[in-house]
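Please read the structure below before turning to the comments.
The values are calculated or read from the model by the stated rules, or taken from the named source; none is laboratory data. In this text, all values refer to a predicted model and were calculated from it rather than measured experimentally. Every residue, glycine among them, receives a Cβ derived from its backbone with ideal geometry; neighbour counts consider all protein chains shown. In case anyone asks, the SASA skips ligands and DNA or RNA and just uses the protein heavy atoms, side chains included. Shrake-Rupley method; radii C 1.70, N 1.55, O 1.52, S 1.80 Å.
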Amino acid sequence: MGAAASSALTGLSLLQLRLRLALPASAQSRAAWLWAAALGLAAAAALGAAAWSTRDRRRRRRQRRLQQVGTVAQLWIYPIKSCKGVPVNEAECTELGLRSGNLRDRFWLVVNEEGNMVTARQEPRLVLISLTCENDSLILSAAYTQDLILPVKVPTANVVRKCRVHGLEIEGRDCGDEAAQWITSFLKTQPYRLVHFEPHMQPRNSKQILDYFRSIDKVSYADASPFLILSEASLADLNSRLEKKVKANNFRPNIVLSGCRVYEEDSWNEILIGDVEMKRIMACGRCILTTVDPDTGIMSRKEPLETLRRSFLLFYDLFGIQT
């Protein structure tokens, strides 16, 4: 997140795959509360973001050091990288990201004919495409476009493509010509295809992307970390300095927190949500994708990055930090 943060979290240990993050109807549910162990002063210029890694279960030994800091307000899954998010009330927390039924976070990817990833950085209108699930069918939707229905299980006869995400190779099973034609027709720029990451495929190693991560941290098509956290307070503070307000979805978080102070999430070293423990690894640097309006698919290339940059430089100037 750097100049504009949203907390990211890396994979769970295999023993924790069945743990769940729940957004209950009542805030009194224990799973709703967020607990944290303090790390230090938060950087006021960041937008509540950091990379995290789940920890071994030592909650009983550390419980006296933890304090309640907020609640989970929203859960989001982004099935297709750079496309529209799906809000869910409950999600399973896996080592490769959130899962709700057949929907997995960033398990689908748009690629060009060379197999390179395509995101809203190159095609801003990708944020207008949604993928939802009904029974055994996946539904691709976009405004003024007829929905496309695909089977949840991609036929094994479909080719497995070699793809590249941020320079690292990864596989993806091609979702077929209909999906390719649908996306190509909607974007109207060049031929594209849709691929799906399958559990038996080899994920990318987060440490090869950024050295902050452990060698055991893995991701599918996410940039570097399977989870991203944002707080409502930090977003509200940013919006207080913007003429045109932005939404949480500009920053594409998986977990949105309420009840904490502005940028407080940048000071947490470890968090506990229900029975899931996570450790903060790094702030997530923000890019031009945050300037894409999630409702129109139009990229401004300016805000909120310019305001975040000014705040970041002001913070460093106030504390006499050399950049």
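Scanning the stretch 97-114 for residues that are outside any strand (DSSP E or B) and open to solvent by 10 Å² or more (accessible area, probe 1.4 Å) yields Gly101, Asn102, Arg106, Glu113, Glu114.
Quick check: is even one residue across the stretch 157-178 part of a loop (DSSP other than H, G, I, E, B), among the aliphatic types (A, V, I, L, M), closer than 24 Å to Glu114 by Cβ and out of contact with any Pro (no Cβ under 7 Å at 6 or more places or on another chain)? Yes, the stretch 157-178 contains at least one residue that is part of a loop (DSSP other than H, G, I, E, B), among the aliphatic types (A, V, I, L, M), closer than 24 Å to Glu114 by Cβ and out of contact with any Pro (no Cβ under 7 Å at 6 or more places or on another chain).
The sole residue among Pro155, Pro199 that is modelled with pLDDT of 95 or more and either open to solvent by 40 Å² or more (accessible area, probe 1.4 Å) or in contact with a Cys (Cβ under 7 Å, 6 or more places away or on another chain) (or both) is Pro155. Condition check for Cys163 on (1) open to solvent by less than 30 Å² (accessible area, probe 1.4 Å); (2) under 24 Å from Thr296 (Cβ atoms): one failure, at (2).
Report yes if some residue within the stretch 298-310 is of a type in the set (Val, Ile, Thr), open to solvent by less than 40 Å² (accessible area, probe 1.4 Å), more than 20 Å from Ala73 (Cβ to Cβ) and not in a strand (DSSP E or B); otherwise report no. Yes, some residue in the stretch 298-310 is of a type in the set (Val, Ile, Thr), open to solvent by less than 40 Å² (accessible area, probe 1.4 Å), more than 20 Å from Ala73 (Cβ to Cβ) and not in a strand (DSSP E or B).
Annotation note: of Leu148, Leu194, Leu140, the sole residue that is more than 23 Å from Leu98 (Cα to Cα), under 25 Å from the mean Cα position of the chain (by Cα) and surrounded by 12 or more Cβ atoms within 10 Å (Cβ to Cβ) is Leu148. Look at the stretch 200-219: where a residue is without any contact (Cβ under 8 Å) to a residue 12 or more places away in the chain and farther than 13 Å from Phe107 by Cβ and a partner is part of a loop (DSSP other than H, G, I, E, B) and open to solvent by less than 70 Å² (accessible area, probe 1.4 Å), sitting 6+ places away or on another chain with Cβ atoms under 7 Å, you get Lys207/Phe213; Lys207/Asp217. Taking the conditions exactly as written (hydrophobic (A, V, I, L, M, F, W, C), within 24 Å of Thr296 (Cβ to Cβ), surrounded by 17 or more Cβ atoms within 10 Å (Cβ to Cβ) and within 19 Å of the chain's Cα centre (by Cα)), does Leu131 satisfy them or not? Spelling it out, Leu131 is indeed hydrophobic (A, V, I, L, M, F, W, C), within 24 Å of Thr296 (Cβ to Cβ), surrounded by 17 or more Cβ atoms within 10 Å (Cβ to Cβ) and within 19 Å of the chain's Cα centre (by Cα). Selection of strands (runs of 3 or more DSSP E) fully inside the stretch 220-287 by the criterion of at least 2 residues being in contact with a Leu (Cβ under 8 Å, 6 or more places away or on another chain) and either open to solvent by 20 Å² or more (accessible area, probe 1.4 Å) or on the phi > 0 side of the Ramachandran plot (or both) returns 276-282.
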